[in-house]
Amino acid sequence: MFKILRKEELSPNVFSMDIDAPRVAKKAQAGQFIVLRVDEKGERIPLTIANFNRETGVVNIVFQVIGASTMALAAVEPGESIIDFVGPLGQPSEIKKFDGTVVVVGGGIGVAPTFPIARAMKEAGNKVIAIMGAKNKDILIMEDEMKEVTDEILITTDDGSRGIKGFVTYAVQELAERGEKIAQITAIGPVIMMKSVADCTRELGIHTVVSLNPIMVDGTGMCGGCRVQVGDETKFACVDGPEFDGHLVDFKALMSRQRMYRDLEAEEKDHICNIGLGRK
Amino acid sequence: MALSLKKHEMPVQDPKVRAHNFDEVALGYDEETAVAEAERCLHCKIPQCRKGCPVSVDIPEFIGKIKERDFDGAIEKIKEANALPAVCGRVCPQENQCEKYCVLAKKGESVGIGRLERFVADRYMAKNEEVKPIEFAEDAQKVAVLGSGPSGLSCAGDLAKMGYKVTVFEALHKAGGVLSYGIPEFRLPKDKVVKKEIENIEKLGVKFELDAVAGRLFTVDELMEEEGFDAVFIGTGAGLPRFQGIPGEGLNGVYSANEFLTRCNLMKAYKFPEYATPIKVGKNVAVIGGGNVAMDAARTALRLGAEHVYIVYRRSEAELPARKEEVEHAKEEGIDFKLLNNPVEILGNEEGWVSGMKCIRMELGEPDESGRRRPVPVEGSEFELAVDTVIVSIGTGPNPIIAHTTPGLATTKRGNIEADEESCATSKPGVFAGGDIVTGAATVILAMGAGRKAAAAIDEYLKSKKK
């Protein structure tokens, strides 16, 4: 059992949770993910690690309530426990001193997993710029935390209520136009956002890493559900990734696969709401 | 009394009924049938059956005990060699092992060794006898077992009985490996059989740590250098599923058998939405492959509500690698065998879902390196199979995590861990490996055999280390 130490609603339906998982915290590295299960009948939910502290043994995750399983997770209160918390999984981000600026791009809750990467990149001696995108200023998350581990942050909102009006790619363009020498961009967020960033940087000739969160069951290299097409190769996000070269990922197939269970998820959500008691 | 040339039938659920439920298909012998079947054993002077058993169960002895109605004696005899008799009685391919060598098989059907093993194992389980915990010496040496599948369980059980303190590390949230995530409930009941067998090993004093991904949460070196383990057994099993590499494998509605079965068996998706993991099965399902896993996937699809399920296999019936009984059961349940056919493309609709599968007919040519006749495509024989779900069951490759995180551990070109066939020793001192991670996908009993051999070799290694 893994105890929830803290829960905070960062914006409507977006939660940050601290989990007491010392062994995972001890081994976690930027870019890796965990798989959790809320209770005995729960799904295995993969989430990219948002923060970890080796001294306190705490691992932080940020998630959005989108289906029955994340709803059940959001209902767990501090002091209560979840049944499984497995990790750290996947390959860590490549952290080194780059020849040029390192940019992390986070869209929506995708900002959260860019945090440990930005921090590690900064610690490795890089100049780090964060681009944070949100629909509007009210749902922007982790601004203060990101400021602390970067040299500069650029905010974009769809409605223009904060920062640049438009998508994160506008900020990428802006950096390029002002002559920022960018060595690498890491983009994490909705698939369509990562695709847009990759399309934009392809033209600019900037090496781009994306972190994928496809359908996954075990997360340890057994089920093969998380396969993605990367260039000519079929890769498995859980053991080969989750980070891949954004210019080689087949985003179209990925987006299609994400829709596989959409109708069942809706059905399940209804099922839970109707009883009003959760799944337990 | 003339000797019957046929085995006593084992009662099974009616095919029409069982095709729609997940309850066990085969129901097992009763006492009288078991004794009568045991009577068929001729007790050959030089019994051949034993040499067909990968763990060398003393088959004539245990059958003799059944004849005498000493069922406790029979299970004791089996347990000397086999840590998981209720599992093996159900899933071993006996027709290629012990029963193949039975002298009766020359004229008719062999003694039903597997059925007898199952009978005494089930009878023992039903008695729920207390397992006596082992009293470990205070300075007992410690062994880490990575993976709680058949090889890990048999290795752990044997080592505990030898007095070693064993901890089994399992990546998933449930112990059992393929016994839990792979083999379906209707062939191997989880609560009634798998859970109990594991509990019995736990009661011996073996520790189980779940949610512990070896190679990520800790490395093999850390176990030995920091956590005080004197030896490590790697039994992490088969890994990532192979795909054919044909167009359309990324479409929605294409599953690997591993994913399909894991959703159903481990995550209990067949009870969705009571259990939260979803699974989708269309009306018409094609399963590619001819092994036990393919049969399991096909029969699971049927039970999940598919109307028509095909097995698409590129060779002929004689080459089907699945257990004979599984093929027979699948046929009885209405699985449609499309033999000598090979998929060349999975077709999709505009929304990215499977809409059909293009296949080509095959014929058997000259024998290939496996000794089986090589299937060759019949030119111009392509045809389309109308399916909306495709389950790929053509084998698995090794999981890369441990090999990548353990310096000094030699692997084969394919990425399997190199280990000595007899001792299971790897290139790294104190580290042993066995089961599918070494051999590639094989059977439960072969993995158990490797676990046993490794336990014996670890015992020898640790004794010499202590001196």
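Show me the helices (runs of 4 or more DSSP H) found entirely inside the range B:1-88 where at least 2 residues are touching a helix residue (DSSP H, G or I) at 6+ places or on another chain (Cβ under 8 Å), free of Cβ contacts under 8 Å to residues at least 60 places away in the same chain and among the small types (Gly, Ala, Ser). I'd like the intermediate steps shown before the answer.
Numbers: elements: B:15-18, B:31-39, B:59-67, B:71-79.
In the range B:1-88, the matching helices (runs of 4 or more DSSP H) lie at B:71-79.
Output the qualifying pairs, or none if there are none: Cβ atoms under 8 angstrom, residues six or more apart or on different chains, first residue in the range B:220-232 and in the same structural domain as residue B:206 (by the TED database), second residue part of a loop (DSSP other than H, G, I, E, B) and hydrophobic (A, V, I, L, M, F, W, C).
B:220/B:409; B:223/B:229
When the range A:230-267 is examined, which residues are found to be free of Cβ contacts under 8 Å to residues at least 12 places away in the same chain and acidic (Asp, Glu)?
A:232, A:233, A:263, A:267
Among the residues of the range B:177-192, are any in contact with a His (Cβ under 6 Å, 6 or more places away or on another chain) and within 13 Å of another protein chain (Cβ to nearest Cβ)?
no
Considering only the range A:119-162, state which residues are part of a loop (DSSP other than H, G, I, E, B) and either free of Cβ contacts under 8 Å to residues at least 24 places away in the same chain or closer than 19 Å to residue A:93 by Cα (or both).
Scanning the range A:119-162 gives A:124, A:125, A:126, A:127, A:150, A:160.
State whether one or more residues within the range B:298-319 are surrounded by fewer than 24 Cβ atoms within 10 Å (Cβ to Cβ), within 18 Å of residue B:188 (Cα to Cα) and of a type outside the set (Lys, Arg).
The answer is yes; a qualifying residue exists.
Considering only residues that are assigned to a loop (DSSP other than H, G, I, E, B) and within 14 Å of chain A (Cβ to nearest Cβ), look in the range B:379-415 and name the one that is farthest from the chain's Cα centre (by Cα).
B:388
Looking at the structure I just gave you, is residue A:85 in a strand (DSSP E or B), touching a residue at least 40 places away in the same chain (Cβ under 8 Å) and of a type in the set (Phe, Trp, Tyr)?
It is true that residue A:85 is in a strand (DSSP E or B), touching a residue at least 40 places away in the same chain (Cβ under 8 Å) and of a type in the set (Phe, Trp, Tyr).
Suppose we keep only residues that are over 15 Å from residue A:214 (Cβ atoms), of a type in the set (A, V, I, L, M, F, W, C) and assigned to a strand (DSSP E or B) within the range B:234-273. Which one would you say is nearest to the other protein chains (Cβ to nearest Cβ)?
Here the residue is B:238.
Which residue is farthest from the other protein chains (Cβ to nearest Cβ), if the candidates are limited to the range A:209-255 and must be among the acidic types (Asp, Glu) and more than 22 Å from residue B:279 (Cβ to Cβ)?
Pass one, the range A:209-255, residues among the acidic types (Asp, Glu): A:218, A:232-233, A:240, A:243, A:245, A:250.
The next check asks that each one be more than 22 Å from residue B:279 (Cβ to Cβ); those that pass are A:232-233, A:240, A:243, A:245, A:250.
Working: A:232: 10, A:233: 10, A:240: 8, A:243: 16, A:245: 18, A:250: 7 Å.
Result: A:245.
Out of the residues in the range A:163-175 that are surrounded by fewer than 20 Cβ atoms within 10 Å (Cβ to Cβ) and part of a helix (DSSP H, G or I), which is nearest to the chain's Cα centre (by Cα)?
Looking at the filtered set, the residue picked out is A:170.
Return yes or no: is residue B:143 touching a residue at least 12 places away in the same chain (Cβ under 8 Å), within 16 Å of residue B:233 (Cβ to Cβ) and either crowded, with 24+ Cβ neighbours inside 10 Å or within 14 Å of chain A (Cβ to nearest Cβ) (or both)?
Details: touching a residue at least 12 places away in the same chain (Cβ under 8 Å): yes; within 16 Å of residue B:233 (Cβ to Cβ): yes; either crowded, with 24+ Cβ neighbours inside 10 Å or within 14 Å of chain A (Cβ to nearest Cβ) (or both): yes.
For residue B:143, the condition - touching a residue at least 12 places away in the same chain (Cβ under 8 Å), within 16 Å of residue B:233 (Cβ to Cβ) and either crowded, with 24+ Cβ neighbours inside 10 Å or within 14 Å of chain A (Cβ to nearest Cβ) (or both) - is met.
I'd like the residue in the range B:395-426 that is among the aliphatic types (A, V, I, L, M) and surrounded by 14 or more Cβ atoms within 10 Å (Cβ to Cβ) and, out of all such residues, is farthest from residue B:454 (Cα to Cα). Talk me through it step by step, then tell me what you get.
Residues of the range B:395-426 among the aliphatic types (A, V, I, L, M): B:401-403, B:409-410, B:417, B:419, B:425.
If we keep only those that are surrounded by 14 or more Cβ atoms within 10 Å (Cβ to Cβ) too, we end up with B:401-403, B:409, B:417, B:419, B:425.
Working: B:401: 21, B:402: 18, B:403: 19, B:409: 16, B:417: 14, B:419: 10, B:425: 7 Å.
By that ranking, first place goes to B:401.
For (1) of a type outside the set (S, T, N, Q); (2) farther than 26 Å from residue B:192 by Cβ; (3) in the same structural domain as residue B:433 (by the TED database); (4) in contact (Cβ under 8 Å) with a residue 40 or more places away in the chain, each residue gets a yes or a no:
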site: B:90; (1), (2), (3), (4): yes, no, no, yes
site: B:95; (1), (2), (3), (4): yes, no, no, yes
site: B:112; (1), (2), (3), (4): yes, no, no, yes
site: B:116; (1), (2), (3), (4): yes, no, no, yes
site: B:123; (1), (2), (3), (4): yes, no, no, yes
site: B:152; (1), (2), (3), (4): yes, no, yes, yes
site: B:155; (1), (2), (3), (4): yes, no, yes, yes
site: B:162; (1), (2), (3), (4): yes, yes, yes, yes
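Would you mind stating whether residue A:117 is within 15 Å of the chain's Cα centre (by Cα), buried (at least 17 other Cβ atoms within 10 Å of the Cβ), assigned by TED's automatic domain parsing to the domain that holds residue A:191 and within 27 Å of residue A:163 (Cα to Cα)?
Working: within 15 Å of the chain's Cα centre (by Cα): yes; buried (at least 17 other Cβ atoms within 10 Å of the Cβ): yes; assigned by TED's automatic domain parsing to the domain that holds residue A:191: yes; within 27 Å of residue A:163 (Cα to Cα): yes.
So residue A:117 passes the test.
Restricting to the range B:274-290, and then to whatever is at the interface with chain A (Cβ under 9 Å from one of its Cβ atoms) and charged (D, E, K, R), can you tell me which residue is surrounded by the fewest Cβ atoms within 10 Å (Cβ to Cβ)?
B:274
What is the number of the single condition among (1) more than 16 Å from residue A:220 (Cα to Cα); (2) within 14 Å of chain B (Cβ to nearest Cβ) that residue A:6 does not meet?
(2)
The values are calculated or read from the model by the stated rules, or taken from the named source; none is laboratory data. Just so you know, these numbers come straight off a predicted model, no measurement behind them. All Cβ positions, even for glycine, are placed from backbone atoms using ideal geometry, and neighbour counts span all protein chains on display.
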